[in-house]
Amino acid sequence: MFAKSLPSLFTIGNLFLGIVAIIMVFNEKPEVAAMMVIVAMLLDGVDGRVARALNVQSEFGKELDSLSDIISFGVAPAFIMYVVAFQDLSSQPAAWIVTAIFPICGALRLARFNVISGIPGYFVGLPIPAAGGVLATLALFYTDIQPWVLMASTLVLALLMVSTVKYPNFKKIGLPKGAIWSIPIVVVIAVVLGVAFPNQISKIIFVPLLLYALYGLKKNVNVQGRLRRRRSRRSEGEEENVRKRSV
């Protein structure tokens, strides 16, 4: 019975950390809040693997995962960015709108993921955990980056979630059944390190998350370029065939 509930416990842990992140940022601890989002990403990355390893996948777990994700990676990162970077802006309506757009796009991304079959090995659109991780850690640079740049970055991340850009799917990588019971230890270590060094670790993790978000854009540009070249060659070939037939 406990084994069947284990994946849901990881998912609930993800949700719990998202709520804690919101509380932390309103208590003027954005670094800890961002770190809670990062640890929530860790839990989100293992709950599905644990369910597959134990063969206890369910529709209940799938829906719980989506509801948890919208809080931990949609609402929490948006609030972190709003509190540290947008709260004191003169144009508050614009700040409210940008803050709201991010979790809204995250909800649309999750709804699409739940009802539409994706491409094997890829996500269609930037996954909300990655987008939320980038936004939460990007907020820590609020003293070094202009607010309008942060607002534009928030909108770009939101649009990437509902885009058709393809991103590699690492969730299909399996987890050995014997390693499942070591996951709580890893999570506890991550939380301890995160609380002890929230600013340093969060900013370090920002780099690979950003590279992942940019990788999808680069890959999409390359694919579009190949498709245009292929269409151009096909068009030139058809024109050549027409000329030969007319001679």
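The values are calculated or read from the model by the stated rules, or taken from the named source; none is laboratory data. Keep in mind it's a predicted model, so treat the numbers as computed, not measured. Cβ atoms come from the backbone with ideal geometry, glycine included; neighbour counts cover every protein chain shown. Ligands, DNA and RNA are excluded from the accessible area calculation, which covers all protein heavy atoms including side chains. Shrake-Rupley method; radii C 1.70, N 1.55, O 1.52, S 1.80 Å.
Listed values, structure above:
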| read-out | value |
| --- | --- |
| Helices (runs of 4 or more DSSP H) completely within the range 66-144 that count 2 or more residues being open to solvent by 30 Å² or more (accessible area, probe 1.4 Å) and in contact with a helix residue (DSSP H, G or I) (Cβ under 9 Å, 6 or more places away or on another chain) | 92-115 |
| The one condition in (1) touching a Lys or Arg at 6+ places or on another chain (Cβ under 6 Å); (2) in a helix (DSSP H, G or I) that GLU63 fails to fulfil | (1) |
| Single residue of GLY18, GLY48 found to be farther than 17 Å from LEU135 by Cβ, open to solvent by less than 40 Å² (accessible area, probe 1.4 Å), part of a helix (DSSP H, G or I) and not acidic (Asp, Glu) | GLY48 |
